Amino acid sequence: MLDRIDLSGHWSGFYTQHDHRRPISAELSQDGDRLIGTMNDDCTVIERSVSELAMEEGLPPGADEKIVEQIRSMVPEVPSGPIRAETQLPPRSHLEGEVDGRAVRFLKTYQGPSFTGYRVGDFRVGMLGEGQEVRYRGLLNDDGTVIEGQWQIDAVLGLPRRVEGGFWLRRQAPDGAN
């Protein structure tokens, strides 16, 4: 049986999106059931081809060509060359949530501008926003060393639908501890 474990401390791990692992680390502080902290994303620029984006999002065949055609018609002065899908996130975010037994829930709010859209060379077209929020829900393992669960972003910043994936965080030993 899991006794009440204080989650305060340094945690590191990753989140997954479309089978890609992206490293994250967090500093958590727990006061009773309340959980606050910060998180750092190590991978803040995600770039892929429009075809890869269409496949990841489950769009119908030919959707990638339609996206490229639409972007080229919106901005005809854009130089020829490949159009890339791009997401840019701020590296730091604020966490606020709660702990209920083994259940851990928190809202991650990015601190700074986020961009979701397309890029041709140095030219970008898309959505710029602030305060992007991600909901995390996970379970603490029996010895209190791992939190594992799911994250989700509601359909915002030009995303066609809710985006979701998994996450895994392991408690790190304090400096100097074995």
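Is it the case, given these coordinates, that Arg170 is of a type outside the set (S, T, N, Q), touching a Phe, Trp or Tyr at 6+ places or on another chain (Cβ under 7 Å) and at pLDDT 90 or above? Working first, answer last.
Working: of a type outside the set (S, T, N, Q): yes; touching a Phe, Trp or Tyr at 6+ places or on another chain (Cβ under 7 Å): yes; at pLDDT 90 or above: yes.
Considered against the rule, which asks whether it is of a type outside the set (S, T, N, Q), touching a Phe, Trp or Tyr at 6+ places or on another chain (Cβ under 7 Å) and at pLDDT 90 or above, Arg170 comes out as yes.
Looking only at the range 76-110, count every residue that is assigned to a strand (DSSP E or B) and either aromatic (Phe, Trp, Tyr) or farther than 25 Å from Asp41 by Cβ (or both) and tell me the total.
Within the range 76-110, the first condition is being assigned to a strand (DSSP E or B), and the residues that meet it are 84-88, 92-100, 103-110.
From what is left, the residues that are either aromatic (Phe, Trp, Tyr) or farther than 25 Å from Asp41 by Cβ (or both) are 100, 106, 110.
Residues that pass the stated criteria total 3.
There is no residue in the range 90-102 that is among the acidic types (Asp, Glu) and at pLDDT below 95.
Pairs meeting the criteria (first residue in the range 51-70 and farther than 15 Å from Ile83 by Cβ, second residue in a loop (DSSP other than H, G, I, E, B), beta carbons under 6 Å, at least 6 apart or on different chains) are Glu56/His18. For the range 81-110, the tally of residues that are farther than 19 Å from Gly37 by Cα, free of Cβ contacts under 8 Å to residues at least 40 places away in the same chain and surrounded by 13 or more Cβ atoms within 10 Å (Cβ to Cβ) stands at 3.
Anything in the range 15-40 that is within 16 Å of Pro91 (Cβ to Cβ) and surrounded by fewer than 18 Cβ atoms within 10 Å (Cβ to Cβ)? List them, or say none. Talk me through it step by step, then tell me what you get.
First, the residues of the range 15-40 that are within 16 Å of Pro91 (Cβ to Cβ): 15, 22-27, 37-40.
Across the range 15-40, the qualifying residues are Arg22, Pro23, Ser25, Glu27, Thr38, Asn40.
The values are calculated or read from the model by the stated rules, or taken from the named source; none is laboratory data. Keep in mind that this is a model prediction, so the values were computed, not measured. In this analysis, Cβ positions are derived from the backbone assuming ideal geometry, glycine residues included, and neighbour counts consider all displayed protein chains.
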